[in-house]
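Colleague: Starting off with a structure, shown below.
Derivation of every value follows stated rules applied to the coordinates shown; laboratory data play no part. Since this is a predicted model, take the numbers as computed values, not measurements. Cβ: placed from backbone, ideal geometry, glycine included. Neighbour counts: every protein chain shown.
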Amino acid sequence: MSNYAVAPKKTTSVSLAEPLLADAKTLGINVSQAAEEGVAAAVARRRREQWLQENAAAIRSYNEFVEKHGMVLDKYRLF
């Protein structure tokens, strides 16, 4: 998320529920900053979901290997 903080800004229009906007202003919340943080968090979640979906077969294969053969370096563990 932090790499977005230093990126150039682009003006955009966002619709918010009036009571939410009023509460944010009353509480001194910077709506632009809060919106940017929220969108950045949503982007990170979606990227994680996509990565997990794209790599599901490899993860499943690795888990099956470990189940069958154990951890590759298990014999060197000290705990």
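Colleague: What is the residue count in the stretch 16-29 for residues that are under 20 Å from Ala5 (Cα atoms) and either in contact with a helix residue (DSSP H, G or I) (Cβ under 6 Å, 6 or more places away or on another chain) or surrounded by 11 or more Cβ atoms within 10 Å (Cβ to Cβ) (or both)? Outline the logic, then answer.
Modeller: Here is the first cut: in the stretch 16-29, the residues under 20 Å from Ala5 (Cα atoms) are 28-29.
Then drop every residue that is not either in contact with a helix residue (DSSP H, G or I) (Cβ under 6 Å, 6 or more places away or on another chain) or surrounded by 11 or more Cβ atoms within 10 Å (Cβ to Cβ) (or both), which leaves 29.
Residues in the stretch 16-29 being under 20 Å from Ala5 (Cα atoms) and either in contact with a helix residue (DSSP H, G or I) (Cβ under 6 Å, 6 or more places away or on another chain) or surrounded by 11 or more Cβ atoms within 10 Å (Cβ to Cβ) (or both): 1 in total.
Colleague: Going through the stretch 55-79 one residue at a time, which ones are of a type in the set (D, E, K, R) and either exposed (fewer than 10 other Cβ atoms within 10 Å of the Cβ) or touching a residue at least 60 places away in the same chain (Cβ under 8 Å) (or both)?
Modeller: From the stretch 55-79, those of a type in the set (D, E, K, R) are 60, 64, 67-68, 74-75, 77; that's our starting set.
Correct list: Glu67, Lys68, Asp74, Lys75, Arg77.
Colleague: Might you check whether a residue that is acidic (Asp, Glu), surrounded by 10 or more Cβ atoms within 10 Å (Cβ to Cβ) and free of Cβ contacts under 8 Å to residues at least 24 places away in the same chain occurs anywhere in the stretch 34-44? Give the steps one after another, and end with the answer.
Modeller: Pass one, the stretch 34-44, residues acidic (Asp, Glu): 36-37.
Those left that are additionally surrounded by 10 or more Cβ atoms within 10 Å (Cβ to Cβ): 36-37.
So of that shortlist, the ones also free of Cβ contacts under 8 Å to residues at least 24 places away in the same chain come out as none.
No, there is no match, as no residue in the stretch 34-44 is acidic (Asp, Glu), surrounded by 10 or more Cβ atoms within 10 Å (Cβ to Cβ) and free of Cβ contacts under 8 Å to residues at least 24 places away in the same chain.
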